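Any read-out appearing in this document is the output of simple, stated calculations on the displayed coordinates, not a laboratory observation. All values derive from a computational prediction rather than experimental measurement.
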Amino acid sequence: MTKQKELIFKRSQKGNHNKLQEALKILEYSLIMVEFFDIKEFNNVLAIQLRIILCDWNDGRDNSLLKKVQSDPTLYPISNTFIKLDNKGSSFIPGDLLFDVTKPRVGLDQWLNQVIYKIQLGENYHKITIKNFIKLTANKSGGAHVDSELPEKAFIVDVHHERVLNYIARGVLMSLGRDIEKASSENLKHIYGKITKALES
């Protein structure tokens with residue numbers, strides 16, 4: 001019996017747009033879980049969605065969802081500060097935001113290659129880009145995979161990813177025109193409404 005060749009369907013531009021909106025909505029809800037409810041495990045969800053939106057690859061080809069919807073996407077660049085460590089080893093950013101909305105926007109590839117983290121471990125000095133941070137978290141630290149052995153850069157990301165992923169997600173949402181505070185308020189009302197309805201039934 002001859003095996004039938006599997007049919008291949010191409011997702012429409014509208015379909016890609018809907019998938020992007022879906023991914024952005026997941027980012028918004030995941031931020032609520034992390035920031036409002038202190039459920040840090042949702043950082044893993046942030047990492048996966050950020051990879052899908054910004055820097056996904058398939059068979060050596062760029063498969064980023066944002067590029068499927070916008071041919072030349074631009075985002076707000078980082079400010080002149082870097083993520084640093086305090087005396088307890090926690091990450092923090094001097095100033096209010098990692099990204100500067102007053103600066104000219106930059107292309108996605110340039111944006112992903114911006115260095116956001118500088119640290120020295122022993123004799124090794126590491127610079128970690130936005131792309132490094134997203135992919136190492138998604139691929140090695142609990143997003144899609146949990147590796148037992150981590151190279152130095154992956155170890156740094158694994159230890160300090162909690163707040164950094166929030167900053168990156170916020171930068172993406174702002175760059176794509178999402179009103180984060182308004183969305184958070186609406187999403188919290190939606191959650192509250194569902195909980196109230198469930199308790200009344």
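Residue by residue, the stretch 184-196 carries 3J(HN,Hα) couplings of 4, 4, 5, 5, 5, 4, 4, 4, 4, x, 5, 5, 4 Hz when phi is fed to the Karplus relation 6.51 cos²θ - 1.76 cosθ + 1.60 (θ = phi - 60°); x denotes Gly or Pro.
Proximity of backbone amide H atoms, modeled 1.01 Å from N, is registered between residue 56 and 63, 64, 65 at under 5 Å, excluding neighbours fewer than 5 places apart on the same chain. Here the Karplus relation 6.51 cos²θ - 1.76 cosθ + 1.60, evaluated at θ = phi - 60°, turns the backbone of the stretch 31-44 into coupling constants of 4, 4, 4, 7, 7, 8, 9, 6, 9, 5, 4, 6, 4, 4 Hz, with x for every Gly and Pro. Residues whose amide H comes within less than 5 Å of that of residue 116, counting only those at least five positions distant or on another chain, are 128, 129, 130 (H built at 1.01 Å from N in the peptide plane).
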